[in-house]
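Notes follow once the structure below has been shown.
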Amino acid sequence: ELIPVFLGGRGPGLLAALLSGLLCQYFFIPPPDALRLSWPDGWVAMAFYWSTAALIIALVHGMFTAYEGQLQSDAKLRELNEALEQRVAERTTALETEGRRRSEAQGQVRQLQKMESLGQLTGGIAHDFNNMLAIIIGSLDMAKRRLTGNEHPKLASNLENAVQGAQRASVLTARLLAFSRQQPLAPQPVDANKLV
């Protein structure tokens, strides 16, 4: 009688228990009384048998229902684990991307800080160099004014070359100061042939 329970569930199991009870009554009771139960022994025995069979069928059915529920719970748990692993992988990728962006931004900030420090250093050096050039250019101008014309002929041209060099250095210093202040350098076209 347990085979119908395994294969068909509660309804076929109860039908099998009823038929097996009738068959037991037929085979274990003498044939003249095969379909008639004696009161009260036969009815009590048959009721006990049916209740026991119904209890066994209910327990087996409950066991299989619980097992199916466990299988469904395991399947849902596997699906949830897979979804969670996928979300963790996506979030990990997003965090790695954000970490790369942050490290790139921090690298850019460090580079900007270096450039700012370099600009401040350049500005300080250019300012001091500009002060020295002012003294040199002033001294060269005073030397040019004191020329009487009796000096060596190359002395005037040497002083003029020194003044031009100092003025070029002054232009370079102005560019360094513009770099340190982050000002545009205002480049101008140059005729290379004329300079040569």
Cut-off 19 Å (backbone N to label point 7 Å along Cα→Cβ of GLN188), residues of region 146-177: 163-177
Cα gyration tensor category, rounded, prolate or oblate, for region 78-144 with a/c compared to 1.5: prolate
Charge dipole (debye, nearest 20) of region 72-196; +1 at Cβ of Lys and Arg, -1 at Cβ of Asp and Glu: 580 debye
For region 134-183, with +1 on Lys and Arg beta carbons and -1 on Asp and Glu, the positive-most of ALA178, GLY149, GLN164 along the dipole: ALA178
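Each value in this text was obtained by applying a stated rule to the coordinates, not by laboratory testing. Everything numeric here is computed off the predicted structure, so don't read it as measured data. Here the Cβ is made from the backbone with ideal geometry for all residues, glycine too, and neighbour counts use every protein chain on show.
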